[in-house]
Amino acid sequence: MVSEDNVIEDSVSVEDDFDGDDYDYDDGGDYYDDDYGDAGDDDDDYGLVEDDDFDDPGAMVSRRPKLGYTVLQEADIKQRQEDDISKVSTVLSLSQVEATILLRHYNWNVNEVHDEWFSDEERVRKSVGLFERPVVDVSYANEFTCGICFDLLPCDNFASASCGHPFCRECWQGYICTSINDGPGCLLLRCPEPSCKAAVGPDMIDKLAPCEEKEKYSQFLLRSYIEDNREAKWCPAPGCENAVNFAVGGGDFDVTCLCSYRFCWNCTVEAHRPVDCETVTKWMLKNSVDGENVNWILHNSKTCPKCKRPIEKNQGCMHMTCTPPCSYEFCWLCLRAWSSHGLATGGFYSCNVYEAEMQKGNVDAEMRREMAKNSFEKYTHYYERWASNQSSREKALEDLNRMESENMEKLCNVQCTTMSQLKCITEAWLQIVECRRVLKWTYAYGYYLPEHEKTKTQFFEYLQGEAEAGLERLHRCAEKELDKYVTADGPSSDFDDFRTKLTGLTSVTKTYFENLVRALENGLEDVNSTACNKTASPRSPASPRSPTGRNGKGRGSRGKESPRAGVSPKNVDDTSK
């Protein structure tokens with residue numbers, strides 16, 4: 001099963017801005033030249049995997065270190081942890097247990113351990129709880145009194161940490177088990193003696209804890225290697241036990257786990273380029289029920305003039321009565337006392353006080369409700385489209401999985417072709433899923449665009465509209481136009497033409513969305529009023545280079561245009577018919 005998250009992005013940015021002339025687009029029927037494949041050869045492979053990587057999952061994993069991150073499975077984490085322990089143990093001439101305690105104290109940072117140790121070993125030992133020699137000498141005694149249960153027992157029934165304070169094994173076991181069952185805090189366990197700060201290491205756990213508690217302790221220790229590491233995080237996908245080690249400063253934060261879940265390493269939310277993490281946080285809060293309660297109340301209710309409780313109008317007349325104990329009667333329109341209504345104000349059911357209030361300039365409450373209504377309608381506009389693209393993305397994933405599990409083999413048999421020749425279909429669906437994700441987040445981006453920046457808003461809406469149009473053409477081609485070849489009775493003479501068309505739409509759509517993402521991530525900084533005026537006219541939309549405000553061409557130009565510069569994918573579809 002293939003997910004959209006088999007798509008792997010390079011963390012190194014591609015060519016600057018929207019320039020690029022290595023792809024020629026002809027206005028005639030042949031819309032690809034011999035260099036067609038170069039159009040998708042950008043380093044970041046924004047929406048697709050390479051052919052070799054697609055066939056070889058191992059090759060896909062091997063590319064991840066180049067991308068600025070590495071996916072770690074449990075065995076990898078254990079190996080790295082053991083390597084760090086061995087390294088500290090060798091350099092500082094300490095036991096494995098002491099090295100483990102040191103690394104845990106310094107959040108598994110080997111360099112910090114070395115720096116602190118060589119700077120002041122005595123201070124480090126004291127703060128960590130590593131005693132060079134016991135503070136209590138019990139070598140001469142044959143029996144002891146346990147400091148917890150106060151039983152007098154032979155010396156072979158006692159145990160102690162590096163400090164030497166003796167306690168019986170039963171008390172030690174109860175102390176350790178209770179601490180482990182309380183959670184990861186057991187990794188910082190100290191001697192039971194109240195005044196002692198000696199650390200209790202993994203050796204004591206192995207010697208005294210039951211098997212179940214030993215396993216829990218081992219899991220806590222393993223997880224701490226990721227959770228305390230500033231360069232590693234667990235994959236947030238439900239049930240996934242992989243971690244991602246990220247080279248901070250290595251590029252964008254989008255990473256893909258081996259489980260195929262794609263997320264932002266910085267905030268651990270699903271991948272959300274081109275929107276930054278702060279905007280995603282605000283948007284998700286806005287989407288929550290609590291975040292919209294205020295807007296709903298302002299839009300659908302008014303407050304009682306007397307007790308100030310919100311009231312929802314549930315009947316047709318304007319005569320409102322607040323619930324007991326308030327029981328205040330008032331007019332829904334003007335919020336004045338109902339007793340003041342009469343012929344002077346137009347009658348009980350025809351209040352005209354609002355007009356009088358407008359003359360006085362006292363319309364703050366109504367203006368507030370109108371503003372809340374407009375705000376709610378704006379949010380609804382963007383949210384519905386955000387959610388629709390998310391639904392389309394999920395449906396595209398289902399269609400991709402069904403295509404691979406059911407239709408690919410059937411298509412091979414019907415069209416007398418090979419699976420390798422049908423890779424373009426899988427790549428097209430992967431691109432659709434990725435573009436749906438990007439398009440979804442552009443609506444969150446658009447919602448928070450400052451309203452006073454009309455130029456940016458207009459240009460953003462143009463770019464977004466072109467992206468939607470191109471994606472719809474690719475989606476229709478991969479969904480509806482492909483279906484007739486799957487259900488055909490025999491080989492179709494134009495199937496090769498269809499594959500060429502699908503490949504072209506995929507490449508051009510990929511390139512356009514790459515440029516769209518870069519433009520939005522740069523804050524549309526290069527947009528100017530001239531570029532916006534060009535994009536505002538449906539007869540002469542933005543040039544291929546218009547996102548940077550340079551060298552525009554109208555769509556009616558007969559010259560060659562570069563999809564790398566933002567040409568709409570629908571042009572390819574139009575010329576291929």
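The values are calculated or read from the model by the stated rules, or taken from the named source; none is laboratory data. On a predicted model such as this, the values are computed, not experimentally measured, just so you know. Here Cβ is always computed from backbone atoms with ideal geometry, including for glycine, and neighbour counts include all displayed protein chains. Ligands, DNA and RNA are stripped out before the accessible areas are found, and what is left, the full protein with its side chains, is counted by its heavy atoms. Shrake-Rupley method; radii C 1.70, N 1.55, O 1.52, S 1.80 Å.
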Quick test for you: out of I180, I205, pick the one residue that is open to solvent by less than 40 Å² (accessible area, probe 1.4 Å), hydrophobic (A, V, I, L, M, F, W, C) and closer than 25 Å to L94 by Cα. I205
Given the structure, is M419 in the same structural domain as F498 (by the TED database), within 21 Å of T500 (Cα to Cα), in contact with a Cys (Cβ under 9 Å, 6 or more places away or on another chain) and without any contact (Cβ under 8 Å) to a residue 24 or more places away in the chain? yes
Taking the criterion of being of a type in the set (G, A, S), assigned by the TED database to the domain that holds L449, open to solvent by 70 Å² or more (accessible area, probe 1.4 Å) and in a helix (DSSP H, G or I), would at least one residue in the stretch 373-390 satisfy it? no
Which members of the stretch 451-474 meet the condition of being closer than 17 Å to A519 by Cα and over 25 Å from the mean Cα position of the chain (by Cα)? E453, K454, T455, K456, Q458, F459, Y462
Does L187 satisfy the criteria of being at negative phi and either open to solvent by 30 Å² or more (accessible area, probe 1.4 Å) or part of a loop (DSSP other than H, G, I, E, B) (or both)? no
Counting only residues that are hydroxyl-bearing (S, T, Y) and open to solvent by 50 Å² or more (accessible area, probe 1.4 Å), how many does the stretch 128-172 have? 3
Hey, does the stretch 168-179 have a residue that's of a type outside the set (G, A, S) and at positive phi? no
Only one of L502, L474 is in a helix (DSSP H, G or I) and surrounded by 23 or more Cβ atoms within 10 Å (Cβ to Cβ). Can you tell me which? L474
Please enumerate the residues belonging to the stretch 238-272 that are buried (at least 18 other Cβ atoms within 10 Å of the Cβ), out of contact with any helix residue (DSSP H, G or I) (no Cβ under 9 Å at 6 or more places or on another chain) and assigned to a loop (DSSP other than H, G, I, E, B). W265
Out of E116, E122, E98, E112, which single residue is open to solvent by 90 Å² or more (accessible area, probe 1.4 Å) and either outside the structural domain of C186 (by the TED database) or assigned to a helix (DSSP H, G or I) (or both)? E122
Within the stretch 89-109, the residues that are β-branched (V, I, T) and closer than 21 Å to P184 by Cβ are V97, T100, I101
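Here is a yes/no grid of residues against (1) of a type in the set (D, E, K, R); (2) modelled with pLDDT under 90:
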{"position": "L400", "(1), (2)": "no, yes"}
{"position": "M403", "(1), (2)": "no, yes"}
{"position": "N413", "(1), (2)": "no, yes"}
{"position": "E427", "(1), (2)": "yes, no"}
{"position": "Q431", "(1), (2)": "no, no"}
{"position": "Y443", "(1), (2)": "no, no"}
{"position": "T457", "(1), (2)": "no, yes"}
Can you spot a residue in the stretch 417-427 that is within 26 Å of the chain's Cα centre (by Cα) and open to solvent by less than 70 Å² (accessible area, probe 1.4 Å)? yes
